[in-house]
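Below is one structure, written out as structure tokens; comments come after it.
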Amino acid sequence: FPSPDPAFAGRQASEAVDRLFGWRDDLLKQIETLRAAKQIGKAVEAEVTLHLDAATPLGADPDEAAELLGLSRLVVARDGDATPRFEVAPSPHARCARCWRHLPEVGPVAAHPQLCPRCASAVG
């Protein structure tokens, strides 16, 4: 088995995941509201802004947190109060044909115009 990455080992990683999953219920309620209104079909079609105060740690890179939560994109705004708040809207960005994430970065690689840079590098 591979050795665990020491940067993610220990209590800090568990606390970060617990924090994200604790916020997830509120997020899913808002996503479901958009789905019921037929503004999106899946959570990956939503763009989410998480409003936090300066002292509340996210505990992960926003891109990693987005993947963990099943989102295309998570933007963190440090303009909130002590209670985290989500702002959810349909993504205005194109969908990557490989990972299906809606990202502003889809299309810059000429050889793979329907892919995000991460997927374009994976397919060569």
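The values are calculated or read from the model by the stated rules, or taken from the named source; none is laboratory data. Predicted model, so just to flag it, every value in this text is computed and none were measured. Note: ideal-geometry Cβ built from the backbone for every residue, glycine included; neighbour counts use all protein chains shown. For accessibility, only protein heavy atoms count, side chains too; no ligands or nucleic acids. Shrake-Rupley method; radii C 1.70, N 1.55, O 1.52, S 1.80 Å.
Values as computed for the structure displayed
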quantity	calculated
Condition check for residue 4: of a type outside the set (D, E, K, R), open to solvent by 100 Å² or more (accessible area, probe 1.4 Å) and touching a residue at least 12 places away in the same chain (Cβ under 8 Å)	no
Filter result (under 24 Å from residue 81 (Cα atoms) and either of a type in the set (D, E, K, R) or at pLDDT 95 or above (or both)) within region 1-26	15, 18, 19, 24, 25, 26
Verdict on residue 88 being among the aliphatic types (A, V, I, L, M), touching an Asp or Glu at 6+ places or on another chain (Cβ under 8 Å), at pLDDT 90 or above and under 30 Å from residue 111 (Cα atoms)	no
Test: residue in region 31-52 that is among the aliphatic types (A, V, I, L, M), out of contact with any Ser or Thr (no Cβ under 9 Å at 6 or more places or on another chain), part of a loop (DSSP other than H, G, I, E, B) and open to solvent by 90 Å² or more (accessible area, probe 1.4 Å)	no
Options 75, 109: the member that is surrounded by fewer than 16 Cβ atoms within 10 Å (Cβ to Cβ) and touching a Leu at 6+ places or on another chain (Cβ under 8 Å)	75
